[in-house]
Amino acid sequence: MTGKVRSIIVRLKVTGLLLALVLVTGPGQPAGIAVAASTVPSFELVTFAGEAWSDKSLQGQPTLLVFWAPWCNVCQKELPLIEQFYRQSKPAQLRVLSIGFADTRTNVEAFVKARPGVFVFQTGYDEDRWVANAFKVNATPTYVLVDARGSIALVHRGGGLLQNAQFRQFLATLKG
């Protein structure tokens, strides 16, 4: 293969990767972050504390959904940061619901029980990934921010939610 052919192939691969990135995250959005202006899909979930959550219960109060798995290294680092945020700087009207998925119920419950200082917010288990699939979540962690109208304001995949400019802007409107 000549150098010129190899160069063309490399450019095509890079172009394809960039196109795929734009399709996944949306034009003008950083990797790992996608913004959607859709309504919350229909779902039901009962937390380990017995509290029922659904798409209808999200209306009227902004809510941060945190999708995670016990085996996820990024989740293991991010969940304590979310706990600190929850205790120290979360606006009073923002609720947080942690949703363990992509593992067995036994593993999720054991992970939660072993970290009572981290799981200070409501936490449930997503049996058979019904909730994750409804929200089109396929990565851990994934954060879904729902506004008071029941619309998805932000979807953030991966670590670093607390540094996300859109998330911080949303929080500023709540503290208003």
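The values are calculated or read from the model by the stated rules, or taken from the named source; none is laboratory data. All of these numbers come straight from a predicted model, not from anything done at the bench. Neighbour counts run over all protein chains shown; Cβ positions are idealised from the backbone, glycine included.
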| field | Residue tally, condition among the small types (Gly, Ala, Ser) and touching a residue at least 60 places away in the same chain (Cβ under 8 Å), over the stretch 41-79 | value | 4
| message | Going through ARG157, ARG129 one at a time, which residue ends up being on the phi < 0 side of the Ramachandran plot and either in contact with a Pro (Cβ under 8 Å, 6 or more places away or on another chain) or of a type in the set (Lys, Arg) (or both)? | response | ARG157
| said: Residues to consider are LYS113, LYS136; find the one that is under 14 Å from the mean Cα position of the chain (by Cα) and modelled with pLDDT of 95 or more. | reply: LYS136
| task | Name, by its number, the condition in (1) surrounded by 17 or more Cβ atoms within 10 Å (Cβ to Cβ); (2) under 29 Å from LYS175 (Cβ atoms); (3) of a type in the set (Val, Ile, Thr) that does not hold for THR39. | result | (1)
| said: Would you confirm, using the coordinates I've provided, whether GLY150 is surrounded by 13 or more Cβ atoms within 10 Å (Cβ to Cβ), in contact with a helix residue (DSSP H, G or I) (Cβ under 6 Å, 6 or more places away or on another chain) and at pLDDT below 95? | reply: yes
